[in-house]
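Worksheet: one structure, shown below.
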Amino acid sequence: MNLRRLFLYTFVGSVCASALIGIGILIFGSFGELEVKVLLTALTVTVTSILGLACGAYFEARGARILPLIGITLAAIAAVMWMFVIWADSNQGDYFVRGLLSITVIATACSHISLLSLARLDPRFFWLRIAAHATVWPLAALIVFLIWDSNLIGEEITGRVTGVLAILVGVTTLLTPLFHWLSSHEPTEAAIDAEIDKLKIKLAELERLKSSMHKGSDQ
């Protein structure tokens with residue numbers, strides 16, 4: 001099954017369901033515990049669909065396998081764990097919550113990289129793809145580390161490093177679609193050579209057609 005289409009339909013369905021549930025609660029019902037759980041469930045499905053859609057698009061468009069499959073698997077695991085948190089009556093343990101947050105962060109990083117990797121970049125812009133990996137993964141690793149060692153959250157150096165990495169991730173994210181547009185609109189030497197070859201082939205065909213027409217008229 002087409003992964004992009006599957007997650008796209010799931011995303012559209014969850015958004016529509018969330019809207020209908022919200023409207024129904026506001027008009028006919030009261031906003032109680034059950035309604036909150038239903039809305040959180042729909043939100044979980046929506047977020048999971050977005051993550052899966054990004055990974056699925058990379059899986060289908062670029063033929064990549066490992067990264068998008070890891071992202072889809074972790075997103076699905078995180079969704080099941082979030083459902084358990086939302087609907088379970090008992091409190092989950094500390095390790096469960098930390099593991100859930102860690103899986104969610106890694107799934108988000110995989111989806112982010114998958115989305116950025118969809119851009120078609122000229123060789124001169126290839127450094128941007130390397131920069132994306134060099135910023136997204138360290139930021140995700142740092143967040144996971146802080147989840148398991150919360151004592152470092154209040155440290156000044158931690159805040160500075162996290163802020164710098166977040167800014168760099170934002171820069172690479174903003175530049176990627178711009179460079180994708182430049183790569184598709186600015187002709188490269190290889191593209192010009194390819195176009196010249198096509199014109200030469202077309203010209204040769206026209207010359208042969210013209211020659212055959214002259215031979216037919218002589219006869």
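The values are calculated or read from the model by the stated rules, or taken from the named source; none is laboratory data. What you see is a predicted model; the values in this text were computed from it and never measured. Here the Cβ positions follow ideal geometry from the backbone for every residue, glycine too, while neighbour counts run over all protein chains shown.
The set of residues in the range 153-169 being free of Cβ contacts under 8 Å to residues at least 24 places away in the same chain and either within 14 Å of ALA134 (Cβ to Cβ) or surrounded by 14 or more Cβ atoms within 10 Å (Cβ to Cβ) (or both) consists of THR158, VAL161, THR162, VAL164, ILE167. Set side by side, the residues ARG129, ARG120 differ, and just one is surrounded by 15 or more Cβ atoms within 10 Å (Cβ to Cβ) and either closer than 28 Å to TRP181 by Cα or in contact (Cβ under 8 Å) with a residue 60 or more places away in the chain (or both), which is ARG129. Summed over the range 40-63, residues that are part of a helix (DSSP H, G or I) and either more than 23 Å from PHE84 (Cα to Cα) or at pLDDT below 80 (or both) total 9. Could you tell me how many of the residues in the range 183-219 are modelled with pLDDT of 80 or more and closer than 18 Å to ALA132 by Cα? Residues that pass the stated criteria total 0.
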